[in-house]
1. Evaluate E = 1/(1 + (r/R0)^6) for Ser77 and Thr124, where r is the Cβ-Cβ distance and R0 equals 25 Å; express this FRET efficiency to the nearest 0.05.
2. Name the residues of the range 62-85 whose amide N is less than 12 Å from a point 7 angstrom out from the Cα of Val133 along the C-beta direction?
3. Using modelled backbone amide H atoms (1.01 Å from N, in-plane), which distant-in-sequence or interchain residues come within less than 5 Å of Tyr4's amide H?
4. When the helices in the chain are scored as -39500 (n - 2.57) per DSSP H run of 4 or longer and the sum is shared across all residues, what 222 nm value do you end up with, to the nearest 500 deg cm²/dmol?
5. Taking the Cα centre as origin and putting +1 on Lys and Arg beta-carbons and -1 on Asp and Glu beta-carbons, what dipole magnitude results for the range 2-146, to the nearest 20 debye?
6. So what is the relative contact order for the chain, in percent, with contacts set as C-alpha pairs under 8 Å and at least six apart?
Amino acid sequence: MKIYVVAIGKIKESYISQAIDEYVKRCSRFAKVCVVELPEAPASKSPEEIKRIESEALLSHVKGDLIALDKGGKLLSSEEIASFIDGEGTSGVSELTFVIGGSFGLTDEVLKRAKLVLSFGRVTFAHQLFRAVLLEQIYRALTINAGLPYHK
């Protein structure tokens, strides 16, 4: 399986980049994982226009089934995320794309197109940090599906 994480904005902190790189490396044992960074829309635009521009860019990079990260999405446990990924694979899906919008979120078009809209809770994460958190959860899901003891 190939898993893509497509996100708006560049990682600026080296320690977050290192965490992301580490989880991508760990995931490679089970799946090919690629992180795609897309530029932020110009700050001179209105918030709605920024959201539209960024969402269109995200959609243009989706491969396979789309999983949108949004605070209004479903709250799933790590085991449920693992089960979702496993179910996708066993049903013949070979590519999954997780999308993380910019600071203004995702358009309704992205949310409607998503096979799953996923939330990691009502708290707000720093965008850069959230990418590392998502990749850790993907790794955790892959180890659960492989029957490894990483998940406790």
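1. 0.75
2. The answer is 70-71.
3. Here the answer is Cys34, Leu96, Thr97, Phe98, since their amide H atoms fall under 5 Å of that of Tyr4.
4. Value at 222 nm, helices only: -14000 deg cm²/dmol.
5. Taking the Cα centre of the range 2-146 as origin, the dipole is about 160 debye.
6. 34 percent
Quick note: the coordinates plus some simple rules give every number you see, no bench work behind them. Since the model is a prediction, treat every value here as computed from it, not as a measurement. FYI the Cβ positions are ideal-geometry reconstructions off the backbone, even for glycines, and counts take in every protein chain you see.
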